[in-house]
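Engineer: Structure incoming, see below.
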Amino acid sequence: MDNIKEKNSVREEQFGEENNNPENTVKKEEPSDQVIDTQIGEDTDNEFVNSEETAGEEVKKEPTKTEEDRDEAEEKEVEEIFVKSVDYSTFGKDQLAGRLALLIEERPVNEIRNDIDQIKINFYKKHRSELEQKKKQFLIEGGELEDFMPGDDPLELNLKSLLQKFKKKKAEYIKTLETDKQENLKEKYIIINEIKDLVNREESINKTFQEFRDLQNRWKVVGMVPQQNLKDLWETYHHHVEKFYDYVKIDKELRDLDLKKNQEAKIKLCEKAEEIISGSNIVSSYDTLQNYHDRWREIGPVPRESKTELWERFKEITSKINKKHHQYYQDIKDQQKKNLEDKTKLCEQVEEINKQSDIESPRSWEKTANEIKKLQRVWRTIGFAPRKHNNNIYKRFREACDAFFLTKRNYYTEHKEVQNNNLKMKTELAVQVEELQDSEEWKQTTDTLIKLQRQWKEIGPVPRKNSEKIWKRFRAACDKFFERKSEYYSSRDEIFKDNLKLKNELIEEIEKYQSVDNADENFNKIQDFQRRWTEIGFVPFKQKDEIINRYKNVINKQFDELNIDEFRKNKLKYKNKLEQLRESPNGGIKARNDREKFYNKIKSLESDVVLWENNKGFFAKSKNAESLIREVDEKIDQAKENIILLEEKIKMIDQTDLDG
């Protein structure tokens, strides 16, 4: 009887601690659709471009794994910390569509959700950028903004088709997953019945107990079951497990050993749960906690004296993570509510503009149109509103913008006289350019033509039937002058050949230079070489790359021989590059590109440093923790040094006049 009481108390620990504490069963607060859906499709102006809706919901849980499988998965997780995800921003639209097709065909749907989202985001960034370029070109060629019709993009149509295929495939996966859960439920009830039947066996206790252990292992291997059946399933399972223990009259020492083993497993689980409280990704921490609760139920009873303490410890961790998880989504909801307020104000501003009656001139219309476009740009910077309001507020804003541009279009239709006057002014500009097309005052005429081209863009549209003809006339005269100018400058090859000879001689002089013991004197000599190189001037285009590469090699060799640290060498080498860019026609553009590249690299390195610092916390329980931490520390130190060097290079770019 005492033995039976002892077992009942153990069972009480298994269920009492879970059923009497509402926070034990982690009620997974599913974020509303308006929080987690990627909403693409409102990023358009009056000339907005519609995009594909987000495909489907994410399947969030994998089938249940055994303890051995989980340990192996955790080791792999540590190993994969440094595996970088695919940078889809470097892909072209055709590559993105191809990658999407490959992922859908080759990878399980539950593994590619993030890739799908990133492909969509990067595809539509490039898609919108192309549309903007087409629109600008359309306006340059004399088209009217409201007449711009980009037409269908075959790649976008293909992308939408692939996304539909993904949604269908994912729906099939979810259906299959639900079917598997039902099968798993049946299998677990079969196992329960087999445990129940063990009490009627006449075999030896050792054989019966081994069968019992085998059934427990089978239970752990079986995958997920429907959520609504989970509580009843576990209660039934533990009830018959306890009955089996009563039946076999298991030795108290063996029982105590089993309870102690369960206690150690739950302590370890508490420690792992405490580690994720401070994680930066609360959604990931929350999902991990769900798995820990599943494992907590699987472990089984612990000694009576440890039951309450262990459960209170685990419950406190659950409460903290639940609170952070709730706050995370509450912050998103609050932000979405504010976004709705901001978007409502924008709608009201456009609607107020539509009520104005003092827009009576083309200039006023263009000025007001620019205000509307500015509001549209502000709209794009605001995040999503709550889902139940998002479509309506977008529709309101879109209709207000459309109403304005429709009125503007009607105005221009009714004022052909303005367009005829624009035609007259553009004809006068074409005549002026034709008078200058044979000029040999290259610099002065170039400046004048650029000024006339700006005036052309500012004049506005002309009647459609005259638009292409007057544009071709104006452009033909401009092209003629610039072609003649190009021919003139190409005739200066002889001067460039002399410069090539001088630069070859200078390179030979640099090669022969022998460093002295004084580092400052060597540095001054190198600077003198750089100054003389810059003063020589251009060389023939075909030899430019070759001569520059030779120069770089010999001057860098001199830099390498300087008795200074690598950091300063790198700065000096880049300063040398900036000096070369000063003589390049596009040097300013290249330097600005370098600056943007350095800035982006700094941000990337800073992000990597933060990630590596966070990852160090995952290594505490791994076998190779010390070596892994040492590798990460080395990466962090190297990244910080690179950040300092890149910041110095940005300063040099900012302090160098590359446009003068």
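Engineer: If you take the residues of the stretch 486-500 that are charged (D, E, K, R) and surrounded by 11 or more Cβ atoms within 10 Å (Cβ to Cβ), which of them is farthest from I555 (Cα to Cα)?
Structural biologist: Across the stretch 486-500, the extreme among qualifying residues is R492.
Engineer: Taking only pairs six or more apart or across chains, which ones have beta-carbon atoms under 7 Å, a first residue in the stretch 282-304 that is more than 19 Å from F618 (Cβ to Cβ), and a second residue that is among the hydroxyl-bearing types (S, T, Y) and buried (at least 19 other Cβ atoms within 10 Å of the Cβ)?
Structural biologist: D294/T64
Engineer: Mind checking which residues of the stretch 152-199 are out of contact with any helix residue (DSSP H, G or I) (no Cβ under 9 Å at 6 or more places or on another chain) and modelled with pLDDT under 85?
Structural biologist: D152, D197
Engineer: Considering only residues that are part of a helix (DSSP H, G or I) and touching a residue at least 24 places away in the same chain (Cβ under 8 Å), look in the stretch 140-152 and name the one that is surrounded by the fewest Cβ atoms within 10 Å (Cβ to Cβ).
Structural biologist: For the stretch 140-152, the residue satisfying everything is I140.
Engineer: Scan the stretch 501-518 for residues that are out of contact with any Phe, Trp or Tyr (no Cβ under 9 Å at 6 or more places or on another chain) and either in a helix (DSSP H, G or I) or exposed (fewer than 11 other Cβ atoms within 10 Å of the Cβ) (or both) and report the count.
Structural biologist: Here the count works out to 10.
Engineer: N522 - would you say it is surrounded by fewer than 16 Cβ atoms within 10 Å (Cβ to Cβ), of a type in the set (S, T, N, Q) and either in contact (Cβ under 8 Å) with a residue 40 or more places away in the chain or part of a helix (DSSP H, G or I) (or both)?
Structural biologist: no
Engineer: Return the pair list, or none, for Cβ contacts closer than 6 Å from residues in the stretch 453-466 that are over 18 Å from E366 (Cβ atoms) to residues that are assigned to a helix (DSSP H, G or I) and at pLDDT 85 or above, at least 6 apart or on different chains.
Structural biologist: From residues that are over 18 Å from E366 (Cβ atoms), the pairs are N466/L423.
Engineer: Please indicate, with yes or no, whether at least one residue in the stretch 263-280 is outside the structural domain of N200 (by TED's automatic domain parsing), closer than 28 Å to Y189 by Cα and either in a helix (DSSP H, G or I) or of a type outside the set (D, E) (or both).
Structural biologist: No, that holds for no residue.
The values are calculated or read from the model by the stated rules, or taken from the named source; none is laboratory data. What you are looking at is a predicted structure, and each value in this text was computed from that prediction instead of being measured. In this analysis, Cβ positions are derived from the backbone assuming ideal geometry, glycine residues included, and neighbour counts consider all displayed protein chains.
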